[in-house]
Amino acid sequence: MTALFIYGIMCAFVFGLIFGSFANVCIYRIPLDMSIAKPASACVKCKNPIRWYDNIPVLSFLMLGGKCRYCKTKISFIYPLVEIITGLLFALLFYKYHLSLPFFLFCLLAFSLVVISGIDYYYQIIPDVFPLILACCGLLSAAFNPALGDAYLERIVNSVCGLFAGGGSLFAIGMLGQLIYKQEAMGGGDVKLMAGVGALIGWDKVLFAIFTAAFLGSIAGIFLLSFKKIKKRGYMPFGPFLAAASYTVLFLPKPEILINAFIAWETKLLGM
Ligand SMILES: [Zn+2]
């Protein structure tokens, strides 16, 4: 690794911290239908506006000891945590994709996934605006995105198929669940989200992400059920699992390699 590359990773981290700070604003305001631009952030308790020097990602939180400067109300550690997570997500993307179009596209994806996870966790909704932005950016940039394939046409086909594969497969799972459990099994927000993600990362990666999310979600579900944290047939937001899986598949080698390795392992296990 050259010094310039390490410098790039650090810049991506800082870039992520700043976007993480903006993600906090989005998570807090979008579900309440507030503008994300105005007014400036204020303390939720004493309503004193937060000055720029008290709004520096992570650093301000540490310097203020996690308390409001004026009324000393505790500030949730979730805020700096969201900033650090976004910073790390951006830094990892720079490490994998360097300074390229996929880097910027996947930073947009990572940022959206952080916001969506937060909102889905607190409010059990996924605002339409994010899937829409992801789908538009994915389709419009597809021809120039080398992460989607080698030739222009291949990339465009991959993006369009990703949109339908991502949205369609979740829609099918949802319909199946509805037939079996006679209640809504998959939120419409999840379907739209994976359609948007699919347009950006392509059909193979999005399908792999959905499988991974379902796997992670069932483990978490069993875990939470056994500790009586959720009721049977109770609601568990699926968005954060979809988000985590969608990001993770960006770092996998081509899914075919993994699938082939899995088949080879199975064959060996069964002694065939
Ligand atoms: Zn205050």
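Each value in this text was obtained by applying a stated rule to the coordinates, not by laboratory testing. Because the structure is predicted, anything quoted here is derived from the model rather than measured. Neighbour counts run over all protein chains shown; Cβ positions are idealised from the backbone, glycine included.
K67's amide H: which non-local residues (gap 5+, or another chain) put their own amide H closer than 5 Å, with H modeled 1.01 Å from N in plane and none for Pro or chain starts?
For K67, the qualifying residues are I75.
For region 159-179 and region 40-81, what is the separation of their Cα centres, given in Å?
41 Å
Do any trypsin sites (Lys or Arg not before Pro) in region 45-78 lie in a loop, going by DSSP, with at most 10 other beta-carbon atoms within 10 Å of their beta carbon, and if so which?
Hits after loop and neighbour filter: K47.
Please state the relative contact order of the chain as a whole percent: Cα pairs under 8 Å, 6+ residues apart?
Relative contact order for the chain comes out at 17 percent.
In whole percent, what relative contact order does region 127-272 give with Cα contacts below 8 Å and a gap of six or more residues? Mind dumping the intermediate values first?
Numbers: 186 pairs, mean separation 34.3, N = 146.
For region 127-272, the relative contact order is 23 percent.
What is the spin-label model distance, in nm, from A143 to T267 if the labels are put 7 Å beyond Cα along the C-beta direction?
In this crude label model, A143 to T267 measures out at 4.1 nm.
How would region 95-200 be classified by its alpha-carbon gyration tensor: rounded, prolate or oblate, with rounded meaning a/c under 1.5 and the a/b versus b/c comparison settling the rest?
Since a/c reaches 1.5 but b/c is at least a/b, the shape of region 95-200 is classed as oblate.
So how much slack lies between Y152 and F211, counting 0.36 nm per residue of separation and subtracting their Cα-Cα distance, in nm?
Length gained between Y152 and F211: 18.5 nm.
Based solely on its DSSP helices, what 222 nm [θ] is calculated for the chain when runs of n ≥ 4 H residues each add -39,500 (n - 2.57) and the sum is averaged over all residues, nearest 500 deg cm²/dmol?
-22500 deg cm²/dmol
What relative contact order, as a whole-number percentage, does region 140-179 give when Cα pairs under 8 Å and 6 or more residues apart are counted?
Here the relative contact order equals 25 percent.
For a test of the definition: using alpha carbon positions, the gyration tensor, and the 1.5 limit on a/c, classify region 8-70 as rounded, prolate or oblate.
Judged from the Cα gyration tensor, region 8-70 comes out oblate (a/c at least 1.5, b/c at or above a/b).
In nm, what is the difference between 0.36 nm times the number of residues separating D33 and A220 and their Cα-Cα distance?
Extending this stretch completely gives an extra 64.2 nm.
Just flag the chymotrypsin sites (Phe, Trp or Tyr not before Pro) in region 200-229 sitting in loop per DSSP whose Cβ has no more than 11 other Cβ atoms within 10 Å.
Here the chymotrypsin sites (Phe, Trp or Tyr not before Pro) that fit, given the DSSP loop and packing criteria, are F227.
Test of understanding: ordering E154, E83, E184 by Cβ neighbours within 10 Å, fewest first, what list do you get? Write out the running numbers ahead of the final one.
On the way: E154 14, E83 25, E184 11.
Least crowded to most crowded, the residues run E184, E154, E83.
Which distance in nm do the two modelled labels at L64 and Y181 give, with both placed 7 Å along the Cα-to-Cβ direction?
Inter-label distance under the simple model: 4.0 nm.
According to a simple spin-label model (label point 7 Å from Cα along Cα-to-Cβ), what is the distance in nm between R51 and K74?
Modelled inter-label distance: 2.6 nm.
If a/c stays under 1.5 just call it rounded; otherwise compare a/b with b/c (prolate if a/b is bigger, oblate if not). Do that for region 127-272, with a ≥ b ≥ c from the square roots of the Cα gyration tensor eigenvalues.
Oblate, since a/c reaches 1.5 and b/c is not below a/b.
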